[in-house]
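Notes follow once the structure below has been shown.
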Amino acid sequence: ALTKENDLLEIMFTSGTTGEPKGVMITHQNVYVNVLAALNCFWVNKSDNFLSIVPMSHILEQLLFLAITVKGASITQLRSRRGSEIRAALEKEKPTMIAAVPAFFNLFKRKIEEKARESNRLDTLNKLMKITKKFPYSIKRKLFKKVHNVFGNRLKIIICGGAALPVDTEIFFENIGIDVINGYGLTETSPLLTGNQIGNKKHGSAGMIVDDVEIKISKQGEILAK
């Protein structure tokens, strides 16, 4: 029989942040409309290479995998998520896009600042970022080439999910010439509800409501989504 849009695609088990473990029923259409919504938040072309750091057991990673595949871009899957494995993949694969949780990007920010502090260049780094804040990204990438070398020198987009990204981390990466895309959602919503868009975003915000999603706030202050 032909698959229909409301047929069950998968059951994902999750406990959320504080809830009891449960199986979430996700349909083909749930994922399909979210893939299209995600592709309105960032652009993908065939020359892109996406480095997959979040396990495929997460709905966000599945969504990104499908969105990247639809556009014919490349995806690199890691055998493990040890620091040495990630560094080797960055050097070898030279990704243009990475998706991870905030802790990953916070760690990289700290490592970059620690190296700058060890060489007595942290003040210079911070001053330069303030001066170049409104420069085009192409110029920022040249000025901060040493930092970009850490990521393989091709990274242009960071996609962050799973928790709130600290504003200072978001601004740090944008000041060195890397677009940061974050949003809000949960497994039950397969998962995207809101997302920032390249060229249309606000620091510290979870973005605008994405296509085919409706949201309202109840009298009790709960987020109601459909």
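The values are calculated or read from the model by the stated rules, or taken from the named source; none is laboratory data. Because the structure is a prediction, the values reported are computed rather than measured. All Cβ positions, even for glycine, are placed from backbone atoms using ideal geometry, and neighbour counts span all protein chains on display. Ligands, DNA and RNA are stripped out before the accessible areas are found, and what is left, the full protein with its side chains, is counted by its heavy atoms. Shrake-Rupley method; radii C 1.70, N 1.55, O 1.52, S 1.80 Å.
Can you give me the number of residues within the stretch 36-45 that are surrounded by fewer than 20 Cβ atoms within 10 Å (Cβ to Cβ) and β-branched (Val, Ile, Thr)?
0
Regarding residue 158, is this residue farther than 15 Å from residue 101 by Cα and out of contact with any Ser or Thr (no Cβ under 7 Å at 6 or more places or on another chain)?
Values: farther than 15 Å from residue 101 by Cα: no; out of contact with any Ser or Thr (no Cβ under 7 Å at 6 or more places or on another chain): yes.
It is false that residue 158 is farther than 15 Å from residue 101 by Cα and out of contact with any Ser or Thr (no Cβ under 7 Å at 6 or more places or on another chain).
For the stretch 164-195, how many residues meet the condition of being under 11 Å from the mean Cα position of the chain (by Cα) and assigned to a loop (DSSP other than H, G, I, E, B)?
Total satisfying the criteria: 1.
Anything in the stretch 1-32 that is open to solvent by 30 Å² or more (accessible area, probe 1.4 Å), closer than 19 Å to residue 56 by Cα and of a type in the set (A, V, I, L, M)? List them, or say none.
Selection gives 8, 9, 11, 25.
Starting from residues that are β-branched (Val, Ile, Thr) and out of contact with any helix residue (DSSP H, G or I) (no Cβ under 7 Å at 6 or more places or on another chain), keep the ones in the stretch 188-212 and report whichever is surrounded by the fewest Cβ atoms within 10 Å (Cβ to Cβ).
198
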